[in-house]
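Pasting a structure here, questions to come.
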Amino acid sequence: MSTGLRRCRPQRPVTNVDTEDNVRILRTTMMVLFLVGLLLAAEGGEQEYEQASDFTLPDLVGRNVQLSALLAIGPVYVEFWDRSCANCIAELDALVPTYDTLKERGLQMVALSVDKAADEARVRALFNGKKWPYVCLLDQQNEVKRAYGIIIKPAAYLVNQQGEIVYTHIGYKKGDENRIKVEILKWLPAEENDSVPDSESPDGDR
């Protein structure tokens, strides 16, 4: 005869495995919240840039030129190059239109030669033959090259007027000049025609 009562299933006792799982879930949740907090803080804060080392070097006619003096005029794009570097020469060629367009707004461009003193005449002949409009400086002792840790050429740094390195460009391939122009425009006074045409738009960020 049925009594009408349902037999209760005994509860499974809490084990150490259950406790460890709960602790693991809690730790994971806390880590996720911590990382989200870091991301939000990073988005809300200002980006910090490395300070560029100031330097003074002679130009092709023997006048000493100081980086900080150029920065008083506008942001400076410094490219380390030598006469045997085909990609260096290609980039310096490709950037002429950018410089011609933006120089009135303060842009300074420095072609910083790391060739040896014995090659000075060849450097001068190449630079003058190309009719590049930039400032050409001679780092014949490679002191500035070492200070900036240059290994691969071309290597270029965009320095804003606060003396901060705000963009670095290593190597060169055709079309890179469009990305470089976009980065330079960020540090110049804005104008209505600053947009880059679709035909000149860079393929993507480096």
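Inspect all residues belonging to the stretch 120-143 and state whether any of them is farther than 17 Å from Asp54 by Cβ, β-branched (Val, Ile, Thr), in a loop (DSSP other than H, G, I, E, B) and in contact (Cβ under 8 Å) with a residue 12 or more places away in the chain.
no
Modelled with pLDDT of 95 or more, of a type in the set (D, E, K, R) and over 21 Å from Glu177 (Cα atoms) - does that describe any residue in the stretch 135-144?
Within the stretch 135-144, the subset modelled with pLDDT of 95 or more is 135-144.
The next check asks that each one be of a type in the set (D, E, K, R); those that pass are 139, 143.
Narrowing the set further to residues that are over 21 Å from Glu177 (Cα atoms) leaves 139, 143.
Yes, that holds for at least one residue.
Condition first: within 16 Å of Val65 (Cα to Cα) and of a type outside the set (Val, Ile, Thr). Now tell me which residues in the stretch 108-140 satisfy that. I'd like the intermediate steps shown before the answer.
Within the stretch 108-140, the first condition is being within 16 Å of Val65 (Cα to Cα), and the residues that meet it are 108-114, 133-140.
Hits for the stretch 108-140 are Gln108, Met109, Ala111, Leu112, Ser113, Pro133, Tyr134, Cys136, Leu137, Leu138, Asp139, Gln140.
Moving on to the next point. Inspect all residues belonging to the stretch 76-89 and state whether any of them is outside any loop (DSSP other than H, G, I, E, B) and modelled with pLDDT under 95.
Of all residues in the stretch 76-89, those outside any loop (DSSP other than H, G, I, E, B) come to 76-81, 86-89.
Restricting the remaining residues to those that are modelled with pLDDT under 95 gives none.
Looking for residues that are outside any loop (DSSP other than H, G, I, E, B) and modelled with pLDDT under 95, one finds none in the stretch 76-89, hence no.
Being closer than 18 Å to Asn87 by Cα, among the hydroxyl-bearing types (Ser, Thr, Tyr) and not in a loop (DSSP other than H, G, I, E, B) is the requirement here; does Tyr157 meet it?
Working: closer than 18 Å to Asn87 by Cα: yes; among the hydroxyl-bearing types (Ser, Thr, Tyr): yes; not in a loop (DSSP other than H, G, I, E, B): yes.
It is true that Tyr157 is closer than 18 Å to Asn87 by Cα, among the hydroxyl-bearing types (Ser, Thr, Tyr) and not in a loop (DSSP other than H, G, I, E, B).
Regarding Val78, is this residue surrounded by 11 or more Cβ atoms within 10 Å (Cβ to Cβ) and not acidic (Asp, Glu)? Explain how you work it out, then say what you get.
Numbers: surrounded by 11 or more Cβ atoms within 10 Å (Cβ to Cβ): yes; not acidic (Asp, Glu): yes.
Yes.
Continuing with the same structure: Identify, from the list Tyr167, Tyr148, the residue that is more than 18 Å from Asp115 (Cα to Cα), surrounded by 13 or more Cβ atoms within 10 Å (Cβ to Cβ) and in the same structural domain as Val65 (by TED's automatic domain parsing).
On the way: Tyr148 fails: more than 18 Å from Asp115 (Cα to Cα).
Being more than 18 Å from Asp115 (Cα to Cα), surrounded by 13 or more Cβ atoms within 10 Å (Cβ to Cβ) and in the same structural domain as Val65 (by TED's automatic domain parsing) holds for just one of Tyr167, Tyr148, which is Tyr167.
Looking at (1) in contact with a helix residue (DSSP H, G or I) (Cβ under 8 Å, 6 or more places away or on another chain); (2) in contact (Cβ under 8 Å) with a residue 40 or more places away in the chain; (3) not in a strand (DSSP E or B), find the lone condition where Val166 falls short.
The number of the failed condition is (3).
Here is a list of conditions, (1) assigned to a loop (DSSP other than H, G, I, E, B); (2) acidic (Asp, Glu); (3) modelled with pLDDT of 95 or more, and Glu191 meets all of them except one; can you say which number that is?
In the conditions (1) assigned to a loop (DSSP other than H, G, I, E, B); (2) acidic (Asp, Glu); (3) modelled with pLDDT of 95 or more, Glu191 misses (3) alone.
Kindly indicate whether any position in the stretch 81-98 is assigned by TED's automatic domain parsing to the domain that holds Asp119, over 24 Å from Gln161 (Cβ atoms) and among the polar types (S, T, N, Q). Spell out the reasoning first.
Pass one, the stretch 81-98, residues assigned by TED's automatic domain parsing to the domain that holds Asp119: 81-98.
Of the ones still in play, those that are also over 24 Å from Gln161 (Cβ atoms) are 82-90, 93-94.
Next cut, among the polar types (S, T, N, Q) only: 84, 87.
Checked against the condition, which is being assigned by TED's automatic domain parsing to the domain that holds Asp119, over 24 Å from Gln161 (Cβ atoms) and among the polar types (S, T, N, Q), the stretch 81-98 yields at least one hit.
The values are calculated or read from the model by the stated rules, or taken from the named source; none is laboratory data. Fair warning: this is a prediction, and the values are worked out from it, not measured in the lab. So basically every Cβ, Gly included, is an ideal-geometry build from the backbone, and we count neighbours across all protein chains shown.
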